[in-house]
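Student: My structure is below; once you've seen it, I'll send some questions.
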């Protein structure tokens, strides 16, 4: 159920995640979906599944593609700022906005943000321990700063192609600031 709900959320947005839509996607009656999830819980589960799947995919690919923790970190950062991620970026924008009035979604957004920070801060700590990075602050705070920058850049996904198209320049700026935070430039292996 949550996988189908996540697919709808990524493709069509959180507002389209309904018991009826999920039931149609998996071939059951909407009452079965409503039996297990309130509307808010269904949206939260869809978001959580999509966010976790993306994070797991990025960090697994980073671990396979890089020779060291700084390379893994660079791989993850470059993946997070790739415009090909726009469907999931737009899902995050939906989730942040909708979490104002959906308590279960708000709680899930916090869980997913904390897990993102945990995973990235572990790489920052490993890179620091190996002498590959010299962050200006602790690993967790460095991860929070990096995600804050990435999230600010993510807003561009909502207007991409609408006349404000300096995404490449903004990516370069973001990577420069991240290099200052880490004390080493993030590179794509």
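The values are calculated or read from the model by the stated rules, or taken from the named source; none is laboratory data. Since we're looking at a predicted model, the values are computed, not measured. In this analysis, Cβ positions are derived from the backbone assuming ideal geometry, glycine residues included, and neighbour counts consider all displayed protein chains.
Student: Return yes or no: is residue 63 modelled with pLDDT of 95 or more, crowded, with 19+ Cβ neighbours inside 10 Å and outside any loop (DSSP other than H, G, I, E, B)?
Tutor: no
Student: Among the residues of the stretch 91-101, are any farther than 16 Å from residue 14 by Cβ, over 15 Å from the mean Cα position of the chain (by Cα) and free of Cβ contacts under 8 Å to residues at least 12 places away in the same chain?
Tutor: The answer is no; no qualifying residue exists.
Student: Next up: Out of everything in the stretch 1-58 that is part of a loop (DSSP other than H, G, I, E, B) and surrounded by fewer than 23 Cβ atoms within 10 Å (Cβ to Cβ), what residue ends up being modelled with the lowest pLDDT?
Tutor: Taking the candidates together, the pick is 1.
Student: Given the condition within 18 Å of residue 55 (Cα to Cα) and surrounded by 15 or more Cβ atoms within 10 Å (Cβ to Cβ), answer yes or no: does some residue in the stretch 125-137 qualify?
Tutor: No, the stretch 125-137 contains no residue that is within 18 Å of residue 55 (Cα to Cα) and surrounded by 15 or more Cβ atoms within 10 Å (Cβ to Cβ).
Student: Could you pull out the residue among 161, 169 that is in a helix (DSSP H, G or I), surrounded by fewer than 16 Cβ atoms within 10 Å (Cβ to Cβ) and modelled with pLDDT under 95?
Tutor: Of 161, 169, the one residue that is in a helix (DSSP H, G or I), surrounded by fewer than 16 Cβ atoms within 10 Å (Cβ to Cβ) and modelled with pLDDT under 95 is 169.
Student: Could I ask something else about it? Is there a residue in the stretch 141-162 that is within 19 Å of residue 62 (Cβ to Cβ) and either more than 16 Å from the chain's Cα centre (by Cα) or free of Cβ contacts under 8 Å to residues at least 24 places away in the same chain (or both)?
Tutor: Taking every residue of the stretch 141-162 in turn, at least one turns out to be within 19 Å of residue 62 (Cβ to Cβ) and either more than 16 Å from the chain's Cα centre (by Cα) or free of Cβ contacts under 8 Å to residues at least 24 places away in the same chain (or both).
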